Amino acid sequence: MDRWVPVLLAFLLFPAASLAHSEKEHAELLCADFDAIEHRNADGTRTDCLNAQYAVEVDFSSKWAEGIAQALYYGLIHDRSPGLILICSNYTSPRACAAHLGRAIETLEAYSLPGRLWSCEHEANSLDDCSIQFERSWQPSSSGVLDDGLVDQQAALGDS
């Protein structure tokens, strides 16, 4: 009995740790709302959520700069509007999350970058639980898609 006391105390004192979601789990939950799939790109990178309109990266808010770069790149190779979903981790203070979000918005605005930015609390189970923080229109390129491995995925998404 005595050996189980530390385990029980850990669950009682740190319940959030037992409910933690990884970025991949967040992507699966949040991207299901707009019929997106995870896509392995021809260059070995992975787009978290890809549908007919968006190429989306899902990251914790502390990785906002990396998330912007990945979203822009995935948007480019798939000829889709870039999207970024920033998650406020349960290990990050609300103040720090707000600062991360502010930096992301400031960067997107300063460089007139296209796309959509969602902000989600760690407990979010769908995009309905999140808020759109930034949106700027994007136009498809005339050059087409750069990722040759997307042909089968386009059929699955209903693209022609």
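No value in this document is a laboratory result; all are computed from the given coordinates. All values derive from a computational prediction rather than experimental measurement. A quick note on method: Cβ atoms are made from the backbone with ideal geometry, for glycine too, and the neighbour counts reach across all protein chains shown.
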Q.
Per residue of region 63-71, what does 6.51 cos²θ - 1.76 cosθ + 1.60 with θ = phi - 60° give for ³J(HN,Hα)? Whole Hz please, x for Gly and Pro, Karplus curve as stated.
A. 9, 4, 5, 4, x, 4, 4, 5, 4
Q. Residue 134's amide H: which non-local residues (gap 5+, or another chain) put their own amide H closer than 5 Å, with H modeled 1.01 Å from N in plane and none for Pro or chain starts?
A. 117
Q.
With 10 angstrom as the radius, rank 128, 79 by how many other C-beta atoms surround their C-beta, starting from the fewest.
A. 128, 79
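Do you know the relative contact order of region 17-57, to the nearest whole percent, from alpha carbon pairs under 8 angstrom that are 6+ apart?
Computed over region 17-57, the figure is 27 percent.
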Q: Find the relative contact order for region 35-138 and round it to a whole percent, using C-alpha pairs within less than 8 Å whose residues are 6+ positions apart.
A: 20 percent
Q. List the chymotrypsin sites (Phe, Trp or Tyr not before Pro) in region 11-116 that DSSP assigns to loop (not H, G, I, E or B) and whose Cβ has at most 15 other Cβ atoms within 10 Å. Which are they?
A. 91, 111
**Q.** Calculated from backbone phi, Karplus (6.51, -1.76, 1.60) coupling profile of region 34-43 in Hz, x at Gly/Pro
**A.** 10, 6, 9, 10, 6, 9, 7, 7, 4, 8
